[in-house]
Amino acid sequence: MATKKRVSTAKRSIRKAPGTGGSGKFYRIEVRPKSSFVSFRTQDVGGKGGLERLAGKRSSGSWATVAWLVDKKHARVSQSGELMIIDANERASLKKALRGKILRVKANLFKAHPARNVPEIAKPTPAMKRARNSNIKKAQAARKRR
């Protein structure tokens, strides 16, 4: 018995990855790889819309910025592929959070470096230890006052 091959007449459309189509309301500036996070949350920075922070939770429980979303009305792309922020408040916020140029990867996706990047292996830092100890002392003092 010869088997017949099935030929599909309907074309299957392959789903595009987010941000690669060119349409959409935001430019996405990736700061850290998405693969090192287990859950995500977006936060409006400043007023509603305009600039949003995509925060990610690591498996250790710490939170960090994964990406920034900039409204297309508040930014433009230069000829060299660099994202230029038009709005002064948003530019100031991003300048504190990012260092170096914001360069295009493809379509609406851009790459940038975080302003400070402490690897998880180096945590807790000495400053974090000092802060934790002082907070413990404050809590103990408050309990004694009761």
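The values are calculated or read from the model by the stated rules, or taken from the named source; none is laboratory data. Keep in mind that this is a model prediction, so the values were computed, not measured. No Cβ is skipped: glycine too gets one built from the backbone with ideal geometry, and neighbour counts run over all protein chains shown.
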Quick check: is even one residue across the stretch 76-84 under 16 Å from the mean Cα position of the chain (by Cα) and modelled with pLDDT of 90 or more? yes
Matching entry among Gly21, Gly46 (being touching a residue at least 60 places away in the same chain (Cβ under 8 Å), surrounded by fewer than 17 Cβ atoms within 10 Å (Cβ to Cβ) and among the small types (Gly, Ala, Ser)): Gly21
If you check Arg143 against the conditions, is it assigned to a helix (DSSP H, G or I), more than 14 Å from the chain's Cα centre (by Cα) and of a type in the set (D, E, K, R)? yes
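Quick one: count up the residues across the stretch 82-132 that are surrounded by 13 or more Cβ atoms within 10 Å (Cβ to Cβ), touching a strand residue (DSSP E or B) at 6+ places or on another chain (Cβ under 7 Å) and not in a helix (DSSP H, G or I).
Matching residues across the stretch 82-132 total 17.
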Residues located in the stretch 23-48, provided they are of a type outside the set (S, T, N, Q), part of a strand (DSSP E or B) and more than 23 Å from Val77 (Cα to Cα): Phe40, Arg41
